[in-house]
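The values are calculated or read from the model by the stated rules, or taken from the named source; none is laboratory data. Quick caveat, the model's predicted, so the values are computed rather than measured. Here the Cβ positions follow ideal geometry from the backbone for every residue, glycine too, while neighbour counts run over all protein chains shown.
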Amino acid sequence: MIDRGAQIMIVLLLVTIFGLGIYAIHLKHRAEVVPQQKIVGRAIAPPAAGPAQTVTFWVASDQDGLLHKRTASLVLPRDPDLRAREILETLVGLYTDKGSPHPLGTGAEITDVFLLKNNDAIVNANAAFADGHRSGVMVEEMTVASLAQTLAANTPGVARMKILVQGKERETLAGHVDLTTFYNLNQEPWPTVEQ
Amino acid sequence: MRWTSRQSPGAGRQSPGAGRQLPVAGRQSLLARGGRAAIVIALIVTVIAAPAADEKHLTVYNASGRYNVLVVERGGREYVALSDLLQPLGAASAKRDGDKFRLRFRPPDGNEQELQLTAGKTKGKAGRSDITLPAPFRMENGAPFVPLSSIAELLTELGVRDIEFHPQARRLLVGNVAVRYQTELQRGAEPKLVFHFSGAVDPTIATEAGKLRMMFNRAPVVGSAPQRFDDKLITGEAFSEANGESEITVSGSGPLMATFSADARTITISAPPVMATTPPPAQAPAAAPPPPSSTPTPVAAPPAPQQGTPQPARPRFMVAIDAAHGGSETGAMLQGQVAEKDLTLAFARRMQAEFDKQGISSFLVRDGDVALSADQRASAANTARATLFLTVHVGSEGRGIRVYTARVAPPPADRPLFLPWATAQSWFLDGSRSAAGSIAAEFSKRQMMVAAYSALLPPLNSIAEPAVAIEISDSSTQNLSAPAYQQAVGSAVAAGVAAVRSSLEGAR
């Protein structure tokens, strides 16, 4: 027979083992979630010195189908390409945040912007930007128009914009809007509202 | 409803080849290139049109009009896609769990019924009754296929009433829509055979020695036993039907012609009038009613003329209706269950029926679950020389109708002989905006939410005629699947196009 003290000890050991197991699962889950949060909560202002600049964003709103004007004061890099990238990346950050008026997929990012001498702009997005995008004519066109009109508002002289995904041309954003041709900024803009 | 599994969209886009602006070159070289280009274009057109000529299809007639369902052969038996068959007949939703397939279907005037089938099995359940198919049920790329010979039984079990199925001719009539006829032979010096139809008909007429053929592509004409007449001129009439169409052949000892009553319900067959100065021709072309809509084909374009059969002239005003997506390219998955491609086809078919009511000829660029590239769609519409191109999209973001025109630069002052493929629409933007405005105004008039935009949406930029995209959006797939809503949208689109018809014709 096992005496009562030993029985109590065995029960306590089993409870401790069970508790540690649950804690280990919790730690594993936290370790998985933290990198995801890092992606979502990326910094909106680059580590650049200098005075803050007023930036205009044309923010898509699914509710009314319009682009809404918003301004923000940001410290931006001097390099035009990096500056344009930070502006568009900030815009995409708005869309991936909670309560976004035009949600984009988790982890969507603008990784590069190249401003060419012929007034063309090449915007390179990551795979999550396109793969996680909702499918539909209006939602896709508003994303492209929002990027294009924000770029035009803050980068004078840009006439056309083309979006690449992971450095490659893609047929459509999510089954509808054409990404093989340039988006001409001199043509009729998407309807906007200044507020 | 999820009819097929989702695959990566956008496959199969062809590089644009037709319509590019040619550089200035030596005449001989240009001619040689032109000749080669003509051969290439002819080959492309032949390849595009070829499947339509050989394919089998089931033609379904219902109160809203007519549609085709592709018939495929599997294991020596004919099958049809259940999704294509049911979409226009009521509200359907389906679930797939491995090999098991469960369908809920509600006809417009009936209760919801459930059908359960298993891939590879013939046994299934419809409501509480057991059913046995004549051949195993099949699932291909997520789409359910049933034996053609079983569709009448299945539709009955699903609550569809008044079905008349002609399996040999692959014709299915749903809801007492059959147009029947009686004949009356009027003897005398100028004998006449009068056909009294129970509904309006618009056959294509062809004549050959001793015969006059009336081919019914659109009206669900159902015939009776052949008749022989004891008459010198008109000796008999016979009804036949095959591959979704029907035909009445009138036999005679001389040339015959057909004349139509104003309400298109009576056709009179008689000898053609004899001209005083010339003898009657051996083969006289018969009078024909206004040209009907062209038969829908999977890859666009009106039907190719058959040898020896006079075809009606190309309609002056013709709308190409393009149901976006198709095949492995599902489009958006609405509420994660319903593929956009299925709803675009349902809306396109409704629009075609409503165009019929407005007396406007139209054809479906895609009339089945087939994948077409943007360039194929543009080629089909341009080759058919449609007056207006309408592409239909369906979404679940927001609510209401969005009407789009192409986002393309205005054209240069001088119009080239060959329009650039990527910007052909530039020269037709005024017509496109006019049509979009008229359609939007019609929706607005009917208290339906509507907004107009421009978009970089293939294939609009390559369409060499006025082109409009329509996106119908609602957060509820039930609303989008409702036949009444689809008809309301189709009716508004047809009325909007009818209102701008004369100006589009004039611009042409």
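Kindly state which strands (runs of 3 or more DSSP E) lie completely within the stretch A:67-175 and contain at least 3 residues that are more than 14 Å from every other protein chain (Cβ to nearest Cβ) and β-branched (Val, Ile, Thr).
The qualifying strands (runs of 3 or more DSSP E) are A:110-115.
Suppose the filter is surrounded by fewer than 24 Cβ atoms within 10 Å (Cβ to Cβ), hydroxyl-bearing (Ser, Thr, Tyr) and either in contact with a strand residue (DSSP E or B) (Cβ under 8 Å, 6 or more places away or on another chain) or more than 14 Å from chain A (Cβ to nearest Cβ) (or both); does B:Thr405 pass it?
Against the criterion (surrounded by fewer than 24 Cβ atoms within 10 Å (Cβ to Cβ), hydroxyl-bearing (Ser, Thr, Tyr) and either in contact with a strand residue (DSSP E or B) (Cβ under 8 Å, 6 or more places away or on another chain) or more than 14 Å from chain A (Cβ to nearest Cβ) (or both)), B:Thr405 does not qualify.
Would you pick out the residues in the stretch B:463-497 that are farther than 19 Å from B:Val365 by Cβ, of a type in the set (A, V, I, L, M, F, W, C) and either at pLDDT 95 or above or surrounded by fewer than 21 Cβ atoms within 10 Å (Cβ to Cβ) (or both)?
Hits for the stretch B:463-497 are B:Ala482, B:Ala484, B:Ala488, B:Ala492, B:Ala495.
Under 8 Å between Cβ atoms, which residue pairs at least 6 apart in sequence (or on different chains) link something in the stretch B:176-191 that is closer than 26 Å to B:Pro272 by Cβ with a partner that is loosely packed, with under 13 Cβ neighbours inside 10 Å?
From the stretch B:176-191, the pairs are B:Tyr181/B:Ser224; B:Pro191/B:Lys232.
Sort through B:Gly223, B:Gly188, B:Gly159 and tell me the only one that's farther than 30 Å from B:Gly252 by Cβ and in a loop (DSSP other than H, G, I, E, B).
None of the others qualify; the one that does is B:Gly159.
Return the residues of the stretch B:408-423 that are under 21 Å from A:Glu141 (Cα atoms) and either within 28 Å of the chain's Cα centre (by Cα) or buried (at least 18 other Cβ atoms within 10 Å of the Cβ) (or both); say none if nothing qualifies.
If the condition is that a residue be under 21 Å from A:Glu141 (Cα atoms) and either within 28 Å of the chain's Cα centre (by Cα) or buried (at least 18 other Cβ atoms within 10 Å of the Cβ) (or both), then B:Val408, B:Ala422, B:Thr423 are the ones that fit.
Specify the residue that is farthest from the other protein chains (Cβ to nearest Cβ); the eligible residues are those in the stretch B:385-402 that are basic (Lys, Arg) and under 20 Å from B:Ile321 (Cα atoms).
B:Arg385
Which condition number in (1) in contact (Cβ under 8 Å) with a residue 60 or more places away in the chain; (2) in contact with a helix residue (DSSP H, G or I) (Cβ under 9 Å, 6 or more places away or on another chain) is the one that B:Ala242 fails?
The number of the failed condition is (2).
Give me the pairs, please: first residue somewhere in the stretch B:425-444 and closer than 14 Å to B:Arg402 by Cβ and outside any helix (DSSP H, G or I), second residue anywhere and at pLDDT 95 or above and among the small types (Gly, Ala, Ser), beta-carbon distance under 7 Å, and either six or more positions apart or on two chains.
Every condition considered, no pair remains.
Say whether the condition of being over 21 Å from the mean Cα position of the chain (by Cα) and within 21 Å of B:Tyr67 (Cα to Cα) is met by at least one residue in the stretch B:208-222.
Among the residues of the stretch B:208-222, not one is over 21 Å from the mean Cα position of the chain (by Cα) and within 21 Å of B:Tyr67 (Cα to Cα), which makes the answer no.
Any idea which of B:Pro416, B:Pro410 is within 13 Å of another protein chain (Cβ to nearest Cβ) and farther than 26 Å from B:Met449 by Cα?
Numbers: B:Pro416 fails: within 13 Å of another protein chain (Cβ to nearest Cβ).
It is B:Pro410.
Against the conditions (1) within 14 Å of chain A (Cβ to nearest Cβ); (2) of a type in the set (Phe, Trp, Tyr); (3) assigned to a loop (DSSP other than H, G, I, E, B), where does B:Tyr453 fall short? Just the number, please.
(3)
Search the stretch B:470-483 for residues that are under 16 Å from B:Glu112 (Cβ atoms) and pair each with any residue that is surrounded by 23 or more Cβ atoms within 10 Å (Cβ to Cβ) and among the basic types (Lys, Arg) when their beta-carbon atoms are under 9 Å apart and the residues are at least 6 apart or on different chains.
Pairs found: B:Pro483/B:Arg350.
Taking the stretch B:457-477 only, how many residues are outside any strand (DSSP E or B), within 14 Å of chain A (Cβ to nearest Cβ) and within 22 Å of B:Leu343 (Cα to Cα)?
Total meeting the criteria: 7.
Would a scan of the stretch B:340-349 turn up a residue that is assigned to a loop (DSSP other than H, G, I, E, B) and crowded, with 20+ Cβ neighbours inside 10 Å?
Within the stretch B:340-349, not a single residue is assigned to a loop (DSSP other than H, G, I, E, B) and crowded, with 20+ Cβ neighbours inside 10 Å.
Can you find, within the stretch B:350-374, the residue that is farthest from B:Ala484 (Cα to Cα) among those that are outside any loop (DSSP other than H, G, I, E, B) and touching a Gly at 6+ places or on another chain (Cβ under 6 Å)?
Per the stated criteria, the residue is B:Asp356.
Take the residues in the stretch B:341-388 that are in contact with a Lys or Arg (Cβ under 9 Å, 6 or more places away or on another chain) and among the β-branched types (Val, Ile, Thr); name whichever of them is farthest from B:Met318 (Cα to Cα).
Of everything passing the filter in the stretch B:341-388, B:Thr344 is farthest from B:Met318 (Cα to Cα).
Might you check whether a residue that is part of a helix (DSSP H, G or I) and not small (Gly, Ala, Ser) occurs anywhere in the stretch B:93-115?
No, every residue in the stretch B:93-115 fails to be part of a helix (DSSP H, G or I) and not small (Gly, Ala, Ser).
Could you tell me which residue of the stretch B:375-414 is nearest to B:Phe443 (Cα to Cα), considering only residues that are part of a strand (DSSP E or B) and β-branched (Val, Ile, Thr)?
B:Ile401
Please indicate, with yes or no, whether at least one residue in the stretch A:101-117 is acidic (Asp, Glu), more than 29 Å from B:Val394 (Cβ to Cβ), in contact with a strand residue (DSSP E or B) (Cβ under 6 Å, 6 or more places away or on another chain) and at pLDDT below 95.
No, the stretch A:101-117 has no match at all.
Quick check on the stretch A:150-163. Is at least one of its residues modelled with pLDDT under 95 and within 15 Å of B:Ser454 (Cβ to Cβ)?
no
For A:Arg85, only one of the following conditions fails: (1) free of Cβ contacts under 8 Å to residues at least 24 places away in the same chain; (2) within 15 Å of the chain's Cα centre (by Cα). What is its number?
(1)
Exactly one condition in (1) surrounded by 15 or more Cβ atoms within 10 Å (Cβ to Cβ); (2) modelled with pLDDT of 90 or more is false for B:Gly159; which is it?
Single failed check for B:Gly159: (2).
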